[in-house]
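A.B. asks: Right, I'll just put the structure down here and ask away after.
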Amino acid sequence: MKVRFYKAAEREFDEAVQYYESQLPALGERYRQAVKEALERVKLFPEAYSSLSKRTRRCLVSKFPYGIIYKVAGKQIIL
């Protein structure tokens, strides 16, 4: 499956990485890695996560207070 980010989601992700990096060196990179791992889980099992509405689901990011909200459209996962 291919993952596509909305511009706003990409911006929010970048801001969170910068915030965590400003709090503790390397924390931003740990957050980035946790999101990457969550995205891999979503790509493998897109229907496995909590349904928020008819078309959207949420996968929680390990060790951080974030969830990835996404929808599956054909062979794409849209964040």
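A.B. asks: Please find, within the range 1-34, the residue that is nearest to LYS71 (Cα to Cα) out of those that are assigned to a helix (DSSP H, G or I) and under 11 Å from the mean Cα position of the chain (by Cα). I'd like the intermediate steps shown before the answer.
C.D. replies: Step one: of the range 1-34, the residues assigned to a helix (DSSP H, G or I) are 7-23, 27-34.
Subset that is under 11 Å from the mean Cα position of the chain (by Cα): 9-10, 12-13, 31-34.
On the way: ALA9: 13, GLU10: 15, GLU12: 17, PHE13: 17, TYR31: 22, ARG32: 21, GLN33: 21, ALA34: 20 Å.
So the residue we want is ALA9.
A.B. asks: Can you tell me how many residues within the range 59-79 are more than 20 Å from LYS7 (Cβ to Cβ) and in a strand (DSSP E or B)?
C.D. replies: Selection size over the range 59-79: 2.
A.B. asks: Also: Under the condition of being part of a loop (DSSP other than H, G, I, E, B) and surrounded by fewer than 10 Cβ atoms within 10 Å (Cβ to Cβ), which residue from the range 40-58 is farthest from the chain's Cα centre (by Cα)? Working first, answer last.
C.D. replies: Residues of the range 40-58 part of a loop (DSSP other than H, G, I, E, B): 45-49, 52-56.
Checking the rest, the ones that are also surrounded by fewer than 10 Cβ atoms within 10 Å (Cβ to Cβ) come to 47, 53-54.
Details: GLU47: 15, SER53: 17, LYS54: 19 Å.
Out of the qualifying residues, it is LYS54.
Quick note: the coordinates plus some simple rules give every number you see, no bench work behind them. For clarity, every value in this text was computed on a predicted model and none was experimentally measured. Every residue, glycine among them, receives a Cβ derived from its backbone with ideal geometry; neighbour counts consider all protein chains shown.
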